[in-house]
Amino acid sequence: METPFPPFDPHGAPTRHGAKIRDIPLRMMLPNLITVLAICAGLSGIRLAFEGRFEIAVIMVLLAAFLDGIDGRIARMLKATSKFGEQMDSLADIVNFGAAPALVLYAYLLDRAGPIGWTAALLFAIACGLRLARFNVQIADPDRPAWMADYFTGVPAPAGAVLVMLPVYLGFLGFEANLFVAYLSCAYTVIVAVLLVSTLPVFSGKSSGSKVRGDVVFPLILVAVFYVLMLSSFTWETMAATAVAYLLFLPFSVKLYARRLQKERRAADIAKTGKAPAEEA
């Protein structure tokens, strides 16, 4: 009688059913481990929020967003990318950038608005999922011009997670969290959700930012160090200023995209006709 399980060969030899177990390098496991830790941090943030430990909850959500943002880069640095890792990262994104910020914000403030607050939180989480799905489709599009890698379509999910918790940062700074503020925060949450699924071009600098001029390296390092010091000393003031600055940057991003689009169209016309198009009056 056959045994219900195939025999196991610890040396990776083929089994009776033809399956083969391979040894996996440690460097292949590291990015996936970081992704799992990010999910744990995001879910822990939700638990802490419903326990009323809001500051630690927000820190956990921000930590989850940070870990979720670096796992892919570490995988590329270690040459440890895989289809499994891509799927894990996509599943982690919806938890860390969508569900966790929405539920922490709901537990802190939006629940005071009743069903309207839950609807706003739910819309944000769904918008984040749609945004991530669209991103996955776009990066696999072979017909997309290479220069468009410098721009996101809509606010990226990590930025959306940071933006949507602006009312929480302000609450930690002493702003009163009353019913009016709760309704106002509901409207703000819906606005951030719309920004996620919009077609707004948001500068990312992924391709053009791969190289930095030598004369600005040290100033950039100083700015980065200054930001980290401010974040460690004035955490919520820095997070609130970061969110506001990002919102103010969006109109400039649209202008940058319009100029770049015009430049690329001119270059395409020159390549096609051999001469520059006539200037508009």
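Okay, here's what the table says:
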item: Burial order of peptide ranges 224-231, 59-66, 196-203, 131-138 (average beta-carbon count within 10 Å, highest first); result: 59-66, 196-203, 131-138, 224-231
item: Trypsin sites (Lys or Arg not before Pro) restricted to DSSP loop in segment 43-109 with at most 12 other C-beta within 10 Å; result: Lys79
item: Two-decimal Rg to Rh for segment 120-206 - Kirkwood Rh, Cα set; result: 1.08
item: For segment 80-161, accessible area per residue (1.4 Å probe, heavy atoms of protein chains only), Å²; result: 44
item: Estimated inter-spin distance, Glu51 and Thr273, nm [label 7 Å along Cα→Cβ]; result: 6.8
item: Cα-centre dipole for segment 76-145 with unit charges at Cβ (Lys and Arg positive, Asp and Glu negative), debye to 20; result: 120
item: Extension reserve of the Leu173-Thr81 stretch, reckoned as 0.36 nm per residue once the Cα distance is removed; result: 29.0 nm
item: Descending semi-axes in whole angstrom, ellipsoid equivalent of segment 44-124, from the Cα gyration tensor; result: 29, 14, 8
item: Assigned charges on the beta-carbon of Lys, Arg, Asp, Glu; segment 32-140 dipole about Cα centre (debye); result: 220
item: Lys, Arg +1 and Asp, Glu -1 on Cβ, resulting dipole of segment 30-79 about Cα centre, debye, nearest 20; result: 220
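The values are calculated or read from the model by the stated rules, or taken from the named source; none is laboratory data. Treat the numbers as computed from the prediction; the structure is a model and nothing was measured. Every residue, glycine among them, receives a Cβ derived from its backbone with ideal geometry; neighbour counts consider all protein chains shown. These accessible areas exclude ligands, DNA and RNA; they are computed on the full protein's heavy atoms, side chains included. Shrake-Rupley method; radii C 1.70, N 1.55, O 1.52, S 1.80 Å.
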